[in-house]
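Colleague: This is the structure I want to talk about, given as structure tokens.
Read the figures in this text as sums done on the coordinates, not as results from a lab. No experiment lies behind these values; they were computed from the predicted model shown. Positions of Cβ are generated from backbone atoms using ideal geometry, with glycine treated the same way; all protein chains shown enter the neighbour counts.
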Amino acid sequence: MALLTHGPGLKLSNAPQFEERYLPGQSAPVTGIYQCVGCGFEIVRIATKFLQAGGDRGLPRHPAECPGILWRLVAQIDERPSLLSRRQ
């Protein structure tokens, strides 16, 4: 589960990309946090990079007991500059 420290910088969304499911090897449609529907394992992916299959080199391993890897987007990164980032 993704954790956060400051809620006002986040917005709820019912955009269609949050309802989609993605297979291992598909490219991530947007930059964000993806969670495995089978076991809850989470990864961060940049748009157009491939979603992890399980034991990808250099990445944390997907749990062996996972019943099946299927990814869903849980948090999308807004890559546009914001007023919040200018205040720091």
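Colleague: In region 23-51, whose amide N lies under 19 Å from the spot 7 Å out along Cα-to-Cβ of Leu4? List them in ranges.
Modeller: Taking a point 7 Å out along Cα→Cβ of Leu4, the residues of region 23-51 whose backbone N falls under 19 Å are 30-36, 42-45.
Colleague: Just to be sure I understand: if I project the alpha-carbon convex hull of region 15-69 onto a plane and average over all orientations, what area do I get in nm²?
Modeller: For region 15-69, averaging the hull's shadow over all directions gives 3.6 nm².
Colleague: Could I ask something else about it? Cut-off 14 Å, label point 7 angstrom out along Cα-to-Cβ of Glu79: give me the residues of region 33-47 whose amide nitrogen falls inside.
Modeller: Residues 33, 45-47 fall inside that zone.
Colleague: Output the peptides 72-80, 24-32 sorted from most to least packed, where packing is the average of other Cβ atoms within 10 Å over each peptide's residues.
Modeller: Details: 72-80: 13.9, 24-32: 15.6.
Going by the mean number of other Cβ atoms within 10 Å, highest first, we get 24-32, 72-80.
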